[in-house]
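The values are calculated or read from the model by the stated rules, or taken from the named source; none is laboratory data. None of the values given here were measured: they were computed from a predicted structure. Please note: Cβ atoms are built from the backbone with ideal geometry, for glycine as well, and neighbour counts cover all protein chains shown. Surface areas here come from the heavy atoms of the whole protein model, side chains and all, with no ligands, DNA or RNA. Shrake-Rupley method; radii C 1.70, N 1.55, O 1.52, S 1.80 Å.
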Amino acid sequence: MSIALKPSEIVARLNEHVIGQETAKKTLAVAIYGHFRRMAGRNPDSVELTKSNILLIGPTGTGKTLLCETLARILDLPFVTADATSLAQTQFVGDEIEAILHRLLDRAGGDLAKAQRGIVFVDEVDKLKAVDGQSRATSGESVQHALLKIMEGAPVKLKDGRHIDTTHILFICGGAFVGLDHILTRTHTFGFIATQGGDDQKILERLNARIKPTDLLEFGLIPEFAGRLPIVTRLHDLTQDMLVRILTEPKNAIYRQFQAMLAADGVTLEVATPVFAQIAGLAIEYKAGARSLRGIFEEMMVDVMYAVPDHPAIKRVTINSLFEPPKLSA
Ligand SMILES: Nc1ncnc2c1ncn2[C@@H]1O[C@H](COP(=O)(O)OP(=O)(O)O)[C@@H](O)[C@H]1O
Ligand SMILES: [Mg+2]
């Protein structure tokens, strides 16, 4: 298999869909590049390259799923998401995992070889705590063990009798890890190195932002599981400016989608610039990252979307404020 895209090219493609999160993009691009390298097998020194699964840490609605999804699409890799919380609620983790891999195979159009180099995103791994008094069989800890096994690489028997080998499947785990910063400030000592600012300060900040496996253990991750996620990267809270960009910039930005929907009815939609800031401001209050943007936008548009099909005379919709009714004109 050839390495189709260089890390910088992967980032450039991600930029078309994901706003901000530069560090995470870079880290993912480098990791996926290595992923292809490994699958290509040979390398000059015949050094065996071990798989590096990835942990994405970041608040809800900041683009974890979107990043993985987009990455998979850019690289034409089959992709599935799984929810760690629901894995922890089932009595039959093995069956669930088999089902996840089966979905991956479906996404690969039944092509086993293709599925075996796909991406599995397991969200909410921070909820897989080892809980005292809970039986091992139904605890988050047992889910970690089950995931660990397939992350390391194992043949998993599917319902149809075939085996899917997970050795080259890239596992990306995600979680909000609320309170992690608190742990970091307690466990990191780099802050005492005297620096003169500038570059030193930057390196220092990077070291301080680094998450150690031991920090993850505080969340109830078992050492073996944390150890299987050697690449840890963070996504950050989205600023109001970023939320505005999310509404308008990406190829399938919400604003563009509504413009396209109305254009199909021969209507031009024009939303004034300050409105985006109003929507973004409200979204920040909802504390769900970019997740609430669509709902707020939909609500703003509902009367328009209701009226337009009944009134072919409407040719233009102008919205000047989130708190004023839209202007409909011929
Ligand atoms: N950085 C971002 N750039 C563009 N859109 C984003 C970004 N973060 C979140 N979104 C949008 O918000 C919604 C939720 O994002 P998602 O990736 O599912 O968040 P997470 O997995 O971090 O909870 C998606 O519809 C996505 O399009
Ligand atoms: Mg998600």
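What to note about this one:
- Filter pass, Glu96 being free of Cβ contacts under 8 Å to residues at least 60 places away in the same chain, part of a helix (DSSP H, G or I), open to solvent by 20 Å² or more (accessible area, probe 1.4 Å) and within 15 Å of ligand 1 (Cβ to nearest atom): no
- When Phe225 is tested against (1) closer than 30 Å to Ala130 by Cβ; (2) part of a loop (DSSP other than H, G, I, E, B), just one condition goes unmet, and that condition is (2).
- For region 71-78, the criterion of a residue being closer than 25 Å to Pro213 by Cα, of a type in the set (Lys, Arg) and within 14 Å of ligand 1 (Cβ to nearest atom) is satisfied by no position.
- Residue, surrounded by the most Cβ atoms within 10 Å (Cβ to Cβ), within region 52-72, restricted to residues that are under 16 Å from Val11 (Cα atoms) and away from ligand 2 (no atom under 11 Å from the Cβ): Leu71
- Residues in region 73-92 that are in a helix (DSSP H, G or I), of a type in the set (A, V, I, L, M, F, W, C) and within 14 Å of ligand 2 (Cβ to nearest atom): Ala84 only.
- Within region 99-125, the set of residues being part of a helix (DSSP H, G or I) and open to solvent by less than 20 Å² (accessible area, probe 1.4 Å) comprises Ile100, Leu101, Leu104, Leu105, Ala115, Val125.
- Residue within region 143-166 that is closer than 25 Å to Ala24 by Cβ, part of a strand (DSSP E or B) and out of contact with any Cys (no Cβ under 7 Å at 6 or more places or on another chain) present: no
- Close Cβ contacts (under 6 Å, 6 or more residues apart or on different chains) running from residues in region 287-300 that are assigned by TED's automatic domain parsing to the domain that holds Pro325 to residues that are of a type outside the set (A, V, I, L, M, F, W, C) and more than 14 Å from ligand 2 (Cβ to nearest atom) comprise Ser292/Tyr286.
- Note on region 214-272: residues that are of a type in the set (A, V, I, L, M, F, W, C) and within 16 Å of ligand 2 (Cβ to nearest atom) total 3.
- When region 290-325 is limited to residues that are β-branched (Val, Ile, Thr) and outside any helix (DSSP H, G or I), the one that is farthest from ligand 1 (Cβ to nearest atom) turns out to be Ile314.
- Near pairs, Cβ below 6 angstrom, 6+ apart or cross-chain, from region 218-235 (under 14 Å from Phe171 (Cβ atoms)) to any residue that is part of a loop (DSSP other than H, G, I, E, B): Arg228/Asn53; Leu229/Asn53; Pro230/Ser52; Ile231/Ser52; Val232/Ile211
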